Structures are given as C-alpha cells and as structure tokens.
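The values are calculated or read from the model by the stated rules, or taken from the named source; none is laboratory data. Being a predicted model, the structure only gives us computed values, none of them experimental. Virtual Cβ from ideal backbone geometry, glycine too; neighbours counted across all protein chains shown.
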Amino acid sequence: MRKPVLTIFYQFNPWHASIGGIQTLISSFIKYSPPEMEVRLVGTGDDVNLQVGVWQQAEFAGREISFLPLFMLKNDNVRNLIPTTLKYTAALLGKCFASDFMHFHRLEPTFATRNWTGDKTLFIHNDIHTQMRTVPDKKAILWRRFPHAYFALEKLLVPQFSQIFSCNTNSAQLYKQLYPHLSDRVGYIKNSYDNEIFYPLIDEEKKVLRVNFAKKLFLAEETRFIVFAGRLHPQKDPILLLRAFAALQESHIHLLIAGDGELAPQVRAEITSLGLSQKVTMLGAVPPAELANLHRLSSALVLSSAYEGLPLVVLEALACGTPIVTTDCGETPRLLTPDSGIVCNQRNPECIADGLSKILKNPQDYTQDSCVRVAEPYAARTVIKDIYDQMLEKWEWEVGSREWGVGSRE
C-alpha cells in the first residue's frame with residue numbers, strides 16, 4: 001500500500017520562517033508527522049538556491065519532505081502594497097497540487113483549489129468576523145474595506161472542505177450557525193506547542209538565566225523581565241502594551257519585545273516618546289529555543305491584542321512555567337486558571353498595568369506548576385498525533401472501501 005500524501009499550503013519557508021503562530025503550527029505538523037505519511041509543503045522561497053515552481057526534497061526537523069516555493073518572498077514580517085496572500089493565491093491559479101489530504105491555513109488561496117479532488121481541511125486561526133469589528137485601522141485588515149465581498153467569497157469556498165477546524169470555540173460555533181448544512185464538518189481544535197522546546201526549569205536554573213541575561217543588557221541583577229512575543233501588527237496592539245508598561249509602578253522591571261513587523265518604527269517612536277528607552281529592549285525576531293529561554297527568565301508574558309484565536313505564544317509561555325496577562329479576547333481567557341494568569345476586563349493601559357503589578361507583587365500566587373499544568377493538554381506530540389491518527393484511519397477506510405467496492409465513509 002502506498003503512503004497517503006499530505007500537502008500543506010501556506011506562504012512561508014520553514015527554514016527561514018517569518019513570525020507567526022501559523023508558521024509554528026505547520027512546523028510542528030511537519031516535525032511530528034508519522035513515517036506512514038508523505039508530507040509536502042507548497043510555500044515561498046527566500047533562498048537563491050531554491051528553484052521556484054519545482055518540487056525539491058529537503059529535511060526539516062529531522063523529517064524528509066517535498067517542498068515547492070511558488071515565488072520568492074524576502075520578508076513577510078512587513079506587509080507589502082500587494083498582500084502576500086493575494087500573491088500566493090494568484091500563483092496557485094491554473095495549477096493542481098491535489099493530494100490525498102490538503103491543509104489550508106488561509107481561505108483566499110482555496111479559490112484556486114475548488115475543483116481539486118482530495119480531503120481538504122481549513123484551519124481558522126482568527127475569527128474574521130470579530131476582526132472586522134474590533135480593529136479600528138481598516139488598513140490593518142484588507143477585507144475590512146470589502147466585508148461583503150469577503151463573506152460572499154467565504155460562502156462560495158467553504159463547501160469544498162471536508163473539515164473546518166477553529167482554535168476558538170466562539171468562531172467554531174459561529175461557523176456552525178452560518179453554515180448549518182456543513183455543521184458536522186466544523187469543529188474546535190486545540191492549538192499546540194512543541195513540548196521538546198518549551199518546558200520548565202528548576203528555580204535555581206531560572207534565576208541564573210535571568211541574572212545572566214540582565215548582565216548581558218547591562219542591567220541590575222535584581223531586574224525582573226516582562227516579555228511580549230509576536231508580530232508588531234495592529235492585531236497585537238503593541239502601542240497599548242507600551243502605554244501599559246509606562247503606567248506600571250514597579251522598580252527594576254524591563255520589557256522585552258521579541259518580534260518584528262510593520263509597526264516597528266511606531267513602536268520605537270513610542271518608546272522614545274514615553275521615556276522608556278532604558279526600560280524596553282526590542283529583540284527582533286527570535287528563534288524558538290531562544291524564545292523558550294525568554295519565557296523562563298521572565299515574570300510574565302503580556303498580550304494586549306484586539307482579537308485572537310488561541311495564541312501559540314500563550315501555550316509556550318505556560319509550558320515554560322510563566323504566567324499570562326492578557327486582554328479579554330480569543331480562547332486564552334477560557335484557558336487560564338486563577339493561578340496561571342490574569343484576564344484584563346478592559347483594554348486600557350491602567351487595567352493591563354494592574355494585572356502585571358499583581359503578578360509581580362505576588363509571584364507565589366502564580367506558580368510554575370500551575371502554569372505547566374494548564375499547558376500540558378496542548379503538547380504537540382499528543383495533539384498532532386491524534387490528528388494524524390484520524391487521517392490515517394480515514395485513509396485506511398477509504399482504501400479498504402475501494403478494494404471491497406464499498407461506498408466511502410463521510
């Protein structure tokens with residue numbers, strides 16, 4: 001029996017990934033794929049040694065995959081005049097990369113795949129319906145300018161999918177209501193973190209890590225750190241984060257910003273304007289192993305987002321034993337327990353600063369064990385294995401059905 005083929009579609013290069021939870025999740029799907037499955041990725045290239053439009057064998061995270069870059073893309077952390085998703089969709093038109101299983105992480109490219117045969121899954125990472133209502137800057141989300149066009153496109157494209165998975169329970173429920181004839185295909189799916197990278201250290205190791213990092217930044221040894229990790233984009237609202245940090249009345253506190261994006265110039269300007277140049281360090285894009293250490297040495301991870309699904313960075317921080325301070329959006333408020341983080345009921349600097357202050361003043365109330373316990377059910381090895389098991393079971397059923405002349409199972 002030949003191996004079933006999974007083809008993943010997304011606009012990135014896993015060897016030079018841009019910032020984002022989607023990229024991280026896809027990387028985990030590749031890393032933890034079973035040997036019984038052949039994995040392909042249709043992405044983009046940023047290496048002169050890659051041939052555009054040609055399948056090539058490569059190794060990623062110890063796994064042999066087939067990779068095809070549709071076009072060259074140097075930096076997807078900053079938006080261009082023509083959205084990358086639009087370029088990716090255009091590059092797919094007229095082609096056919098159909099396979100036994102296909103995973104899509106954006107809706108738009110599936111305009112080109114409507115007539116492809118195979119088992120298609122759409123992963124919804126943010127609730128577009130909420131996005132259009134909550135982000136004031138219409139330039140932040142192109143579809144905010146044409147909402148009726150987006151919903152018409154969505155209605156046209158969603159019937160092609162065998163499964164529609166959302167990491168946000170509200171979003172999953174909304175899709176069931178919008179498309180009742182497809183409700184049995186819509187479900188909630190856990191986001192997952194790589195538990196081989198994100199895990200806790202003992203207290204003494206964490207202290208050494210923190211002190212050494214403080215020395216590296218020429219800060220006092222008693223400095224405590226707060227970390228933000230993510231794309232500098234209106235969704236994450238880093239300007240609100242900086243204003244909250246400025247309102248924080250705690251000594252020897254330093255903010256680490258791990259990320260890059262289109263708002264980087266505004267973030268730098270705001271740091272200067274607020275007089276925070278000695279209290280904030282912008283680290284740029286940080287590799288996963290380094291990010292794990294940032295979580296371990298920090299007192300809290302903070303999110304000031306306007307909308308979310310379930311951010312992978314939340315799971316990663318919790319897995320390292322770090323509590324969360326977050327705005328009330330997405331799935332994170334449902335995930336957190338009273339001893340693993342704080343949900344701010346207002347999106348303003350004072351409320352976020354108050355949440356941070358509570359954790360900094362009472363670290364004993366937000367223990368490492370409590371944080372790790374919340375994250376454990378989302379470990380990639382377990383979550384992704386379950387998804388692949390379902391795919392392989394379906395594949396074996398379909399093959400058996402064809403051999404015995406039995407109708408396929410829905």
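Kindly list, by first and then second residue, each pair from a residue in region 104-129 that is not assigned by TED's automatic domain parsing to the domain that holds residue 188 to a residue that is outside any loop (DSSP other than H, G, I, E, B) and at pLDDT below 95, limited to pairs with Cβ atoms under 6 Å and residues at least 6 apart or on different chains.
Pairs that qualify, where the first residue is not assigned by TED's automatic domain parsing to the domain that holds residue 188 and the partner is outside any loop (DSSP other than H, G, I, E, B) and at pLDDT below 95: there are none.
Out of curiosity, is residue 283 in the same structural domain as residue 211 (by TED's automatic domain parsing) and crowded, with 23+ Cβ neighbours inside 10 Å? Reasoning before the result, please.
Values: in the same structural domain as residue 211 (by TED's automatic domain parsing): yes; crowded, with 23+ Cβ neighbours inside 10 Å: no.
For residue 283, the condition - in the same structural domain as residue 211 (by TED's automatic domain parsing) and crowded, with 23+ Cβ neighbours inside 10 Å - is not met.
Considering 177, 160, which residue is more than 24 Å from residue 341 (Cβ to Cβ), touching a helix residue (DSSP H, G or I) at 6+ places or on another chain (Cβ under 9 Å), modelled with pLDDT under 95 and among the polar types (S, T, N, Q)?
Values: 160 fails: modelled with pLDDT under 95.
Only one candidate qualifies: 177.
Scan region 325-340 and give yes if some residue there is in contact (Cβ under 8 Å) with a residue 40 or more places away in the chain, assigned by TED's automatic domain parsing to the domain that holds residue 239 and more than 18 Å from the chain's Cα centre (by Cα), otherwise no.
No, region 325-340 has no match at all.
Pairs, please: C-beta under 9 Å, at least 6 apart or cross-chain, first residue closer than 14 Å to residue 117 by Cα and in region 154-168, second surrounded by fewer than 18 Cβ atoms within 10 Å (Cβ to Cβ) and of a type in the set (S, T, N, Q)?
Short answer, once both residue conditions are applied: 160/115.
Check whether at least one residue in region 53-68 is touching a helix residue (DSSP H, G or I) at 6+ places or on another chain (Cβ under 8 Å), in contact (Cβ under 8 Å) with a residue 60 or more places away in the chain, closer than 30 Å to residue 197 by Cα and among the aromatic types (Phe, Trp, Tyr), and report yes or no.
No: region 53-68 contains no residue that is touching a helix residue (DSSP H, G or I) at 6+ places or on another chain (Cβ under 8 Å), in contact (Cβ under 8 Å) with a residue 60 or more places away in the chain, closer than 30 Å to residue 197 by Cα and among the aromatic types (Phe, Trp, Tyr).
Just need a number here: residues in region 178-196 that are farther than 26 Å from residue 21 by Cα and crowded, with 19+ Cβ neighbours inside 10 Å.
Matching residues across region 178-196 total 0.
Tell me, which residue of region 4-31 that is in a loop (DSSP other than H, G, I, E, B) and at pLDDT 95 or above is farthest from residue 125 (Cα to Cα)? Break it down into steps so the answer makes sense when it comes.
Of all residues in region 4-31, those in a loop (DSSP other than H, G, I, E, B) come to 4, 10-13, 17-20.
Remaining after also requiring at pLDDT 95 or above: 4, 10.
Values: 4: 26, 10: 13 Å.
The extreme case among them is 4.
Report the residue count in region 88-106 for those that are surrounded by fewer than 20 Cβ atoms within 10 Å (Cβ to Cβ) and within 21 Å of the chain's Cα centre (by Cα).
1
Which residues, taken from region 197-225, are buried (at least 16 other Cβ atoms within 10 Å of the Cβ), part of a loop (DSSP other than H, G, I, E, B) and in contact (Cβ under 8 Å) with a residue 60 or more places away in the chain? Full working, then the answer.
The initial filter retains those residues of region 197-225 that are buried (at least 16 other Cβ atoms within 10 Å of the Cβ), namely 197-201, 206, 209-211, 213-214, 219, 223-225.
Subsequent filtering for residues that are part of a loop (DSSP other than H, G, I, E, B) retains 197-201, 219, 223.
Across region 197-225, the qualifying residues are 197, 198, 199, 200, 201.
Just checking, does region 390-397 include any residue being in the same structural domain as residue 252 (by TED's automatic domain parsing) and buried (at least 16 other Cβ atoms within 10 Å of the Cβ)? Quick ask: steps written out before the conclusion?
First, the residues of region 390-397 that are in the same structural domain as residue 252 (by TED's automatic domain parsing): none.
No, the conditions are met nowhere in region 390-397.
Kindly indicate which of 380, 375 is surrounded by 13 or more Cβ atoms within 10 Å (Cβ to Cβ), at pLDDT 95 or above and more than 18 Å from residue 255 (Cβ to Cβ). Reasoning before the result, please.
Numbers: 380 fails: at pLDDT 95 or above.
The conditions single out 375.
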